[in-house]
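First up is the structure itself, then whatever we jot down about it.
The values are calculated or read from the model by the stated rules, or taken from the named source; none is laboratory data. These numbers come from a predicted model, not from an experiment. Counting neighbours? That spans all protein chains shown, and the Cβs are built from the backbone with ideal geometry, glycine included. Heavy atoms of the whole protein, side chains included, go into the accessibility calculation; ligands, DNA and RNA do not. Shrake-Rupley method; radii C 1.70, N 1.55, O 1.52, S 1.80 Å.
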Amino acid sequence: PELSLLEWRVLAVVACHSRTTMTEIAHFTGYNRMNVSRALRSLEGHGLMDRLVDPDDRRRNVADLTPAGLALYRRISTEAMRLDRAVLHNTGGPDLEATSRVLDRILANLYTLIEGEDGAEGEAGSGA
């Protein structure tokens, strides 16, 4: 299936943090719970994700990858890491570290602005 950027991010978060709550996924992706819920439904519809009752708190649901979801994650992440290495070729050290720190600050400022405008949980939108 063709995944949206948000669906890929949700898939990656759940692959790295199995049995993840919607709140945790929203935190890790920077999207609000409504958008995360839509992405989870879509991933479930593609047979890539399951929602299960949290064994530690039966009032909550957690998301986990199906075998097909894990296989897709492994395939895509391998290609993504290859592309990442190619893009970052001949970069590194202090320049890359400084760039990363500046980008982290810019994102933090954006999230603060968005949360201030909404007065609620921020949404990174489709470009983050």
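Just for segment 5-30: of the residues that are under 9 Å from the mean Cα position of the chain (by Cα) and not aliphatic (A, V, I, L, M), which one is modelled with the lowest pLDDT?
GLY30
Quickly run through segment 80-90 and pick out the residues that are at pLDDT below 90 and open to solvent by less than 80 Å² (accessible area, probe 1.4 Å).
Once the filter is applied, which keeps residues that are at pLDDT below 90 and open to solvent by less than 80 Å² (accessible area, probe 1.4 Å), segment 80-90 yields ALA80, LEU88.
Scan segment 37-76 residue by residue and report those that are farther than 22 Å from THR21 by Cβ, modelled with pLDDT under 95 and open to solvent by less than 70 Å² (accessible area, probe 1.4 Å).
ILE76
Among the residues of segment 5-26, is there at least one that is without any contact (Cβ under 8 Å) to a residue 40 or more places away in the chain, open to solvent by less than 40 Å² (accessible area, probe 1.4 Å) and in contact with a Phe, Trp or Tyr (Cβ under 6 Å, 6 or more places away or on another chain)?
Checked against the condition, which is being without any contact (Cβ under 8 Å) to a residue 40 or more places away in the chain, open to solvent by less than 40 Å² (accessible area, probe 1.4 Å) and in contact with a Phe, Trp or Tyr (Cβ under 6 Å, 6 or more places away or on another chain), segment 5-26 yields at least one hit.
Looking at (1) more than 20 Å from LEU5 (Cα to Cα); (2) open to solvent by less than 60 Å² (accessible area, probe 1.4 Å), which is the one condition that is false for ARG101?
Here ARG101 meets the rest and fails (2).
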